[in-house]
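One structure below.
The values are calculated or read from the model by the stated rules, or taken from the named source; none is laboratory data. Model, not experiment: these values are computed from the prediction. Every residue, glycine among them, receives a Cβ derived from its backbone with ideal geometry; neighbour counts consider all protein chains shown. Ligands, DNA and RNA are stripped out before the accessible areas are found, and what is left, the full protein with its side chains, is counted by its heavy atoms. Shrake-Rupley method; radii C 1.70, N 1.55, O 1.52, S 1.80 Å.
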Amino acid sequence: MSREHAREVLAKVDSAMSSNQGRPARDSVVKILNESVPTYSWVGMYLIQGSELVLDAWSGPAATVHTRIPIGKGVCGFAAKAGRTEIVSDVGKDSRYLECFTSTRAEIVVPIFNSGGLIGEIDIDSDQLDAFTSLDREFLEAVARKIGPRCVQ
Ligand code: SME
């Protein structure tokens, strides 16, 4: 992903969020991310409920069985516990990884915060090894900063 492409997609996210709120806004954000970035094979948003991450909006070719993930488990649970972005460049080499799709090779998980703290995360699978760069991280952290206060009530 180039910086210019990241700026364009961020503008699409902004415009979707100005015309939608809550769940419809989250549905459009995951769809925009999945459809605008070819290396993003599956895009989901988990929200924190008690001690679990619960799958909320998602966009991709198939549903995942991991609809509830305890905080601390998997790459998603690890990122939630640590409160920071996790990039796994080869899921086959990471013992924390919980498999959803056999085609997945890499994963990024980006926490979403609002003023009260961690409220959820964006989880993206890629069918390409080493798919996520520091630019993806920067871009998705910018998306998460927009979602936090405006999309999750
Ligand atoms: N792979 C994740 C589980 C969620 S699926 O990728 C949609 C993990 O290791 O936590």
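Data table
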| item | result |
| --- | --- |
| Among the candidates 112, 119, 124, residue that is among the β-branched types (Val, Ile, Thr), touching a residue at least 60 places away in the same chain (Cβ under 8 Å), more than 10 Å from the ligand (Cβ to nearest atom) and closer than 19 Å to residue 34 by Cα | 112 |
| Scan of region 21-36 for residues that are in contact (Cβ under 8 Å) with a residue 40 or more places away in the chain and either of a type in the set (D, E, K, R) or outside any helix (DSSP H, G or I) (or both), ordered by number | 21, 26 |
| Filter result for residue 11 (open to solvent by less than 70 Å² (accessible area, probe 1.4 Å) and free of Cβ contacts under 8 Å to residues at least 24 places away in the same chain) | yes |
| Where a residue in region 38-64 is among the polar types (S, T, N, Q) and away from the ligand (no atom under 12 Å from the Cβ) and its partner, wherever it lies, is open to solvent by less than 50 Å² (accessible area, probe 1.4 Å) and part of a loop (DSSP other than H, G, I, E, B), with Cβ under 7 Å and at least six apart | 39/131 |
| Unique match (being at pLDDT 95 or above, more than 13 Å from the ligand (Cβ to nearest atom) and within 17 Å of residue 141 (Cα to Cα)) among 84, 26 | 84 |
